[in-house]
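Peer 1: I am attaching a structure below and will ask some questions about it afterwards.
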Amino acid sequence: MSTIVRYFDHAATTAVKEEVLNEMLPYFVQNYGNASSLYSVGRKSKKALDEARIKVANVLNCNPKEIYFTSCGSESNNLAIKGFAYANKNLGTHIITSKIEHPSVLNTCKKLEEQGYRVTYLNVDKDGLIDLKELEDSITSSTILITIMIANNEIGTIQPIYEIAKIAKKHNIRFHTDAVQAAGTIKIDVQEMGIDMLSLSAHKFYGPKGMGALYVKNDINFEKIQDGGHQEKDKRAGTENIAGIVGLGKALELANNNIESYTNKMLDLREYYISEITKTIPNVKLNGHFERRLPGNANMSFVGVDAEGLLLKLDERGICASAGSACSSGSALPSHVLMAIGLDEKLAGSSLRITFGDENTIEDVKYLINSIKEIVEELRML
Ligand code: PLP
């Protein structure tokens, strides 16, 4: 007997929307041309590439020339941070980030440290928020870049982006933000928000995997980090993945058009889930900020319960959830994010991340709550 799958791990990835897939399909077999070729199949690909770039630029409120397509959110973060650091070394070698960034930011920063750069990793408070005073106090005459995510992938906390951008501007420092979790859920206007560089990834907003984009403001000097052809204005070598690019453009446009109703739906599901879980299960702790959090994120620790065991038992019931981020699963180490907000190893190891998405219904959430309740009781008895 096959179990119905109920998916609550949308921060890990999402299914491609049918409308997105339909727009992508012609670019695999019919219009497969290389966008750099001058004949008609190539020109069709070039047209699709240009149109997708315009769509992304319209959503972010920037010029299409400021959009670079990449292979994923991780590559966008690498290109933004390394590309900027290498090109601006003459201006300074200090970078500021936070302790709860995604590994594609943290490990990029570590690599730069090995190459002679200095990196400040800002603390976060118990809710996952950085301290703006600590940020400003960390700035030195050598600081060239601040890179802080809009929203955290594990606990959903949303940083004070406007204020960070203001501080960066005041000190003539550039501001990059990892918007991989925020894009498609939070309205982004790079001009209004004062963002200089921004990374996003299609598979988090119902687009294809292996497809990212990077916004870089036109007055920013940055270097390519991959050698090859001259694609993407010579900043990102490699034949363009037209189907993926079309999918990213369509998925972002769709998400942006439906952002309010989507947010409201996520809030309804999440509020119901959190209130029922706290009402019916004792000794539960919500991780992350109570209000300043992604609408679809509920990360909770169940005291005395091993999250791995909980996940396995949920899986037996057809429920997909996560104990941390997908990128850190398989690692024996406790989540760096949960440790940074002050959880001890035990509590960090008892946390369950539920991230809601478009296909979830209130019935699914009731089934989820009931399952968690039964499994937590069972595991606590052991
Ligand atoms: N940044 C954040 C906040 C993420 O959550 C992720 C993926 O989980 C990434 C970056 C990396 O994106 P990608 O999987 O497209 O490399």
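Peer 1: Just for segment 178-205: of the residues that are within 10 Å of the ligand (Cβ to nearest atom) and either not hydrophobic (A, V, I, L, M, F, W, C) or not assigned by TED's automatic domain parsing to the domain that holds Ile144 (or both), which one is nearest to the chain's Cα centre (by Cα)?
Peer 2: Restricting to residues being within 10 Å of the ligand (Cβ to nearest atom) and either not hydrophobic (A, V, I, L, M, F, W, C) or not assigned by TED's automatic domain parsing to the domain that holds Ile144 (or both), the top hit is Gln181.
Peer 1: Given the options Leu91, Leu106, Leu112, name the one that is under 24 Å from the mean Cα position of the chain (by Cα) and more than 21 Å from Leu338 (Cα to Cα).
Peer 2: Leu112
Peer 1: Also: Could you give every pair whose Cβ atoms fall below 9 Å, whose first residue belongs to segment 98-111 and is in the same structural domain as Thr70 (by TED's automatic domain parsing) and of a type in the set (Asp, Glu), and whose second residue is modelled with pLDDT of 95 or more and outside any helix (DSSP H, G or I), counting only separations of at least 6 or pairs across chains?
Peer 2: Glu101/Tyr121; Glu101/Thr147; Glu101/Ile148; Glu101/Met149; Glu101/Asn152; Glu101/Asp178
Peer 1: Can you name every residue in segment 45-74 that is of a type in the set (D, E, K, R) and either crowded, with 19+ Cβ neighbours inside 10 Å or not assigned by TED's automatic domain parsing to the domain that holds Met193 (or both)?
Peer 2: Selection gives Arg53, Lys55, Glu66.
Peer 1: Something else about it: Being away from the ligand (no atom under 16 Å from the Cβ), of a type outside the set (Ser, Thr, Tyr) and surrounded by 19 or more Cβ atoms within 10 Å (Cβ to Cβ), is that true of even one residue in segment 7-15?
Peer 2: No, every residue in segment 7-15 fails to be away from the ligand (no atom under 16 Å from the Cβ), of a type outside the set (Ser, Thr, Tyr) and surrounded by 19 or more Cβ atoms within 10 Å (Cβ to Cβ).
Peer 1: How about segment 6-35: which of its residues are within 21 Å of Gly228 (Cβ to Cβ) and either aliphatic (A, V, I, L, M) or at pLDDT below 95 (or both)?
Peer 2: Selection gives Ala35 alone.
Peer 1: Scan segment 13-31 for residues that are touching a residue at least 40 places away in the same chain (Cβ under 8 Å) and either of a type in the set (Lys, Arg) or within 13 Å of Val246 (Cβ to Cβ) (or both) and jot them down.
Peer 2: The answer is Val16, Lys17, Glu19, Val20, Leu21, Glu23, Met24, Leu25, Tyr27, Phe28, Asn31.
Peer 1: Then there's this: Can you confirm whether Val29 is in a loop (DSSP other than H, G, I, E, B), among the aliphatic types (A, V, I, L, M) and outside the structural domain of Ile319 (by TED's automatic domain parsing)?
Peer 2: Criteria met by Val29.
Peer 1: Go through Gly244, Gly238 for me and flag whichever is away from the ligand (no atom under 14 Å from the Cβ), touching a residue at least 60 places away in the same chain (Cβ under 8 Å) and more than 18 Å from Ile148 (Cβ to Cβ).
Peer 2: Just a single option satisfies the conditions, and that option is Gly238.
Peer 1: Among the residues of segment 148-177, which ones are of a type outside the set (D, E, K, R), within 12 Å of the ligand (Cβ to nearest atom) and part of a loop (DSSP other than H, G, I, E, B)?
Peer 2: Residues satisfying the conditions are Ile148, Met149, Ile150, Asn152, Asn153, Ile155, Gly156, Gln159.
Listed here are the residues, each with its yes/no results for (1) among the acidic types (Asp, Glu); (2) within 16 Å of the ligand (Cβ to nearest atom).
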{"residue": "Val216", "(1), (2)": "no, no"}
{"residue": "Gly228", "(1), (2)": "no, no"}
{"residue": "Glu232", "(1), (2)": "yes, no"}
{"residue": "Tyr262", "(1), (2)": "no, no"}
{"residue": "Thr280", "(1), (2)": "no, no"}
{"residue": "Gly288", "(1), (2)": "no, yes"}
{"residue": "Val305", "(1), (2)": "no, no"}
{"residue": "Glu316", "(1), (2)": "yes, no"}
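Peer 1: Sticking with this structure for a sec: I'm trying to understand the selection: among the residues of segment 74-120, which are outside any helix (DSSP H, G or I) and within 16 Å of the ligand (Cβ to nearest atom)?
Peer 2: Correct list: Thr97, Ser98, Lys99, Ile100, Glu101, His102.
Peer 1: Would you mind stating whether Leu49 is more than 16 Å from the ligand (Cβ to nearest atom) and either closer than 13 Å to Gly249 by Cβ or outside any helix (DSSP H, G or I) (or both)?
Peer 2: yes
Peer 1: Say we look at segment 186-216 and pick out the residues that are buried (at least 24 other Cβ atoms within 10 Å of the Cβ) and among the polar types (S, T, N, Q); which of these is farthest from Phe84 (Cα to Cα)?
Peer 2: Among those residues, the one meeting the criterion is Ser201.
The values are calculated or read from the model by the stated rules, or taken from the named source; none is laboratory data. These figures come from a predicted structure and were not determined experimentally. Neighbour counts are summed over all protein chains in view; Cβ atoms, including those assigned to glycine, are modelled from backbone coordinates with ideal geometry.
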